[in-house]
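Everything on this sheet refers to the single structure shown next.
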Amino acid sequence: MDAKLQSVFDGVVRRNPGEAEFHQAVAEVFESLAPVLARNPQYAEGAVLQRMCEPERQIIFRVPWQDDQGQIHINRGFRVEFNSALGPYKGGLRFHPSVYLGIIKFLGFEQIFKNSLTGMPIGGGKGGSDFDPRGRSDAEIMRFCQSFMTELYRHIGEYTDVPAGDIGVGGREIGYLFGQYKRITNRHESGVITGKGLNWGGSRARTEATGYGAVMFTEEMLKTRSDDLDGRRVVVSGSGNVAIYATEKAQQLGAKVVACSDSSGWIVDEAGIDLELLKEIKEIQRGRISEYADRRSSARFESEGTIWSVPCDVALPCATQNELNAADAKQLVENKVIAVAEGANMPCTPEAVAIFQEAGVLFGPGKAANAGGVATSALEMQQNASRDVWSFEYAEERLHQIMIGVHRRCAQTAEEYGAPGNYVLGANVAGFIKVADAMIAQGLI
Ligand code: NDP
């Protein structure tokens with residue numbers, strides 16, 4: 001890292017002790033910025049980097065709730081409103097036991113640049129709780145969401161901060177959260193949260209958007225080498241919202257998806273994933289991935305080893321941060337992977353990314369490849385603002401054009417900075433410049 005950047009980075013580490021994921025996300029962006037600072041001295045003079053690494057506001061709150069047996073639990077809620085230079089804070093809520101401030105800050109920081117790359121007028125934020133939804137009844141989930149929103153409602157709003165889903169927060173949770181917001185405020189303010197149900201303000205194609213967008217981005221990367229997904233062998237990690245719809249779009253484009261996973265293990269299905277069965281187990285029954293192998297003879301379940309040992313042409317990590325390490329990357333390269341796109345946020349460790357780049361593998365970083373979700377959330381906000389409802393085809397086509405635009409912005413910026421094909425550099429630099437310029441234009445904020 002460049003000396004000036006290193007000194008800012010050291011300050012970030014000192015001021016935010018113990019937040020390893022946040023440090024990792026900042027380092028990953030800073031690694032790309034030396035040529036930008038050299039060309040634009042106003043960024044250093046205006047302390048733009050130091051300002052960008054300090055969230056505008058961080059809210060931490062108590063979330064008390066009662067389980068079905070009457071026992072009381074206390075969780076911690078977070079909302080980090082990171083940067084509003086481009087628009088209202090926008091980013092999801094994550095409910096997972098691993099959540100702490102450092103995870104929310106890494107996600108919020110990434111979100112700033114991702115949202116900038118979409119070309120939409122949205123700032124960056126993220127939130128969540130260390131609540132573990134797994135094994136909880138609908139009634140428990142509802143009580144938790146209501147308690148969470150009872151504090152969060154005062155910090156959000158159509159023009160302030162617009163949350164959405166993430167790990168552990170899907171349509172059901174958004175429904176309970178929105179219901180409580182409406183009840184407290186006496187306002188049917190659709191634009192306050194995205195990922196809503198289709199008959200009460202949600203956008204068609206929002207559920208599919210992140211996974212579909214990641215595959216559209218992959219297709220754009222492949223096009224640069226006159227290639228496509230048709231007939232390609234694909235491995236997708238995770239089996240949640242992003243993984244399921246990445247699988248669906250890859251299959252629509254003629255690929256064969258042969259493996260997916262959850263936190264208990266992974267399955268390989270050489271006949272190709274039966275998506276209807278996967279959806280039934282994961283979306284309807286909220287079951288475990290091993291049940292897929294129990295119900296399909298062509299599939300086997302593994303609880304040991306790694307899904308990245310399954311040979312493939314295209315790898316789509318769609319589960320969680322740091323799920324694909326250097327050893328996994330080496331194995332994928334040995335197995336002749338041609339493209340990797342991050343459906344999840346920061347799923348590849350920095351060492352893994354370096355291995356892919358050195359081997360000439362097309363690599364799409366999360367802040368570009370998974371930007372389709374938040375972009376379609378912005379489309380949901382547009383529909384809410386104009387009290388309109390678009391067709392699936394129209395929403396999907398808008399998403400497609402946005403992903404082509406994100407790819408083009410990354411590719412052109414990488415070229416401009418002398419690193420053609422380096423989507424990490426392209427995404428970081430293009431995302432950063434737009435936010436930095438807006439911050440300077442808006443004075444010392
Ligand atoms: P879901 O909760 O729907 O699914 C998450 C999936 O990842 C589940 O299959 C889960 O398995 C698995 N998983 C979670 N933690 C681990 C772990 N430690 N090891 C292995 N598997 C794990 O979340 P999403 O699909 O919405 O999110 C997935 C990723 O995509 C996240 O990184 C998220 O930040 C990112 N993302 C999501 C967007 C969206 O629109 N939803 C937008 C942009 C990015 P299990 O059920 O066993 O926990």
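Since every read-out is calculated from the coordinates, none of them should be taken as a lab result. Predicted model, so just to flag it, every value in this text is computed and none were measured. Note that we place each Cβ from the backbone using ideal geometry, even for glycine, and neighbour counts take in every protein chain shown.
More than 27 angstrom separation, counting every C-alpha pair in the chain; what % is that? When all Cα pairs of the chain are counted, 50 percent exceed 27 Å. A DSSP coil position with no more than 16 other Cβ atoms inside 10 Å describes the following GluC sites (Glu not before Pro) in the range 208-273: 270. Seen from a random direction on average, the alpha-carbon convex hull of the range 292-445 projects onto 13.3 square nanometres. With a Förster radius of 51 Å, plug the Cβ-Cβ distance of residue 200 and residue 2 into 1/(1 + (r/R0)^6) and report the FRET value to the nearest 0.05. Efficiency computed from Cβ-Cβ geometry: 0.55. The residue 225 and residue 397 beta-carbon pair, evaluated with R₀ = 30 Å, returns a calculated FRET efficiency of approximately 0.75.
Within the chain, antiparallel bridges make up roughly 55 percent of the DSSP beta bridges whose residues both belong there.
The local environment of residue 339, defined by Cβ-Cβ distances under 12 Å, has a net charge of -1 under the rule Lys, Arg +1 and Asp, Glu -1. Return the FRET efficiency for the residue pair residue 441, residue 73: r is the Cβ-Cβ distance, R0 is 45 Å, and the value is rounded to the nearest 0.05. Rounded to the nearest 0.05, the efficiency is 0.50. Mean-square fluctuations from a GNM of the chain, with a 10 angstrom spring cutoff on Cα atoms, peak among 87, 46, 165 at 46. Debye-formula intensities of the range 56-188, expressed as log10 I(q)/I(0) at q = 0.10, 0.12, 0.18, 0.21 Å⁻¹, are -0.30, -0.43, -0.94, -1.23 (one equal scatterer per alpha-carbon, no solvent). If I build a Gaussian network model for the chain, linking alpha-carbon pairs within less than 10 angstrom, which residue out of 262, 68, 138 has the largest mean-square fluctuation? Fluctuation is largest for 68. Put a dot 7 Å past the Cα of residue 45, heading toward its Cβ, do the same for residue 416, and the two dots end up 2.0 nm apart. One chain, two ends: residue 280 and residue 404. Fully extended at 0.36 nm per residue, the span grows by 41.5 nm beyond their Cα-Cα distance. If the chain linking residue 354 and residue 252 were pulled fully straight, counting 0.36 nm for each residue of separation and taking away their Cα-Cα distance, it would gain 33.7 nm. Seen from residue 382, the other residues with C-beta closer than 11 Å to its C-beta sum to a net charge of 0, counting Lys and Arg as +1 and Asp and Glu as -1.
Within the shell defined by Cβ-Cβ distances under 11 Å, the residues around residue 212 carry a net charge of -2, with Lys and Arg each +1 and Asp and Glu each -1. In this structure, the pairs whose alpha-carbon distance is over 22 Å, taken from 105/367; 105/282; 182/279, are 105/282; 182/279.
When the chain is treated as a Gaussian network with alpha carbon springs shorter than 10 Å, the biggest mean-square fluctuation among 369, 378, 293 belongs to 293. Helical content of the chain, expressed as a calculated mean residue ellipticity at 222 nm, amounts to -14500 deg cm²/dmol (DSSP H runs of 4 or more residues, -39,500 (n - 2.57) each, divided by residue number, nearest 500).
Under the combined filter of DSSP loop state and at most 15 neighbouring Cβ atoms within 10 Å, the range 224-275 retains these trypsin sites (Lys or Arg not before Pro): 225. Here the gap between residue 387 and residue 270, fully extended at 0.36 nm per residue and compared with their Cα-Cα distance, gives a gain of 37.5 nm. Pairs of Cα atoms in the range 351-433 fall into 5 Å distance bins, from 0 up to the last occupied one, in shares of 3, 14, 21, 20, 15, 11, 9, 5, 3, 1 percent.
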